[in-house]
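The values are calculated or read from the model by the stated rules, or taken from the named source; none is laboratory data. These numbers were taken from a predicted model, which means no experiment stands behind them. No Cβ is skipped: glycine too gets one built from the backbone with ideal geometry, and neighbour counts run over all protein chains shown.
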Amino acid sequence: MRDKVTVPAIKARKHGTKITMVTAYDAPMAHIVDQAGIDMILVGDSVATTVLGRPDTLSATIEIMIHHSAAVAQDQPRALIVTDMPWLSYHVSIEDTIRNAGRLVREGKAEAIKLEGGRKRLPMIEALLAAEIPVMGHLGLTPQSVHSMGGYKVQGKDLQAAQELLDDARALAEAGVFALVLEGIPDVLAQIITQEIAIPTIGIGAGPRCDGQVLVFHDVLGLTTNHLPKFVRQYAQLAEIATRALQQYSADVQAGTFPTDSETYHTHTEVARTLKS
Ligand code: KIV
Ligand code: NA
């Protein structure tokens, strides 16, 4: 058994081997991810779309995140558990932010939290770190900003936007964030950020030069039949496998070939005889 993955261990991987992260939202998913030797499990607010069928992540609440984080933690994975702070749980006040993050740690058994945004989130990030809650940053295409971005669009494409992103990344790293997700930005920008900051970058749609990669469980395993962005590589088509399996089950029930004798409980012959009489 390899050692439990910790926040300092992830930080120390900056100049080491690539870091892997996959989302999970319940105990069996966490078990599958952990068995694969993935370094970090992200209990993403993507639970709102992948599991709850909602159109975006804005409806994720702290209660929902606690519920799914606790389910993941139940499996006691070796992987580090990072849980997303949902929209509005870290925007209102510092006090509210610490209470919400504290609930993710205490009730959701999160070992670190992730939140979206750059320099404007610094007061909240500093307060969380002062409260001993490790923070992972998330810059670029930040899905909680869907309305202000005007949709899910690649970020940091022009010089000014790229410079802003680089400055945000530097500020988060200097504040003490232990790792930084870079989502939906050009490869060269991700490469420069990765070179310029002392903490690991974890890319999703940010090219191959990041210190690690993250993907959503449902995307990487083909559990969604929705359109997928081009940065997703599907390593399995689990939805198709599951549908075919259930078609077979349905056919067996119709044909009377399920359940068989060995799949059935039996009673003593006398009991059966007496019941019938
Ligand atoms: O919620 C999520 O799944 C995420 C990843 C896409 C980074 O934040
Ligand atoms: Na998220």
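Here are the numbers for this structure:
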read-out	value
Candidates GLY176, GLY184 - the one that is on the phi > 0 side of the Ramachandran plot and away from ligand 2 (no atom under 16 Å from the Cβ)	GLY176
Residue among MET65, MET29 that is in the same structural domain as GLY222 (by TED's automatic domain parsing), within 13 Å of ligand 2 (Cβ to nearest atom) and either within 19 Å of ASP219 (Cβ to Cβ) or in a helix (DSSP H, G or I) (or both)	MET65
Every pair of residues 6+ apart whose Cβ atoms lie under 9 Å, when the first sits in segment 129-143 and is within 14 Å of ILE193 (Cβ to Cβ) and assigned by TED's automatic domain parsing to the domain that holds ASN100 while the second is among the basic types (Lys, Arg) and within 16 Å of ligand 2 (Cβ to nearest atom)	GLY137/LYS114; GLY137/ARG121; HIS138/LYS114
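Yes/no matrix, rows are residues, columns are (1) exposed (fewer than 15 other Cβ atoms within 10 Å of the Cβ); (2) within 13 Å of ligand 2 (Cβ to nearest atom); (3) in contact (Cβ under 8 Å) with a residue 40 or more places away in the chain; (4) over 14 Å from the mean Cα position of the chain (by Cα):
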| position | (1), (2), (3), (4) |
| --- | --- |
| GLY16 | yes, no, no, yes |
| ILE38 | no, no, yes, no |
| THR50 | no, yes, yes, no |
| ALA79 | no, no, yes, no |
| ARG106 | yes, no, no, yes |
| PRO123 | yes, no, no, yes |
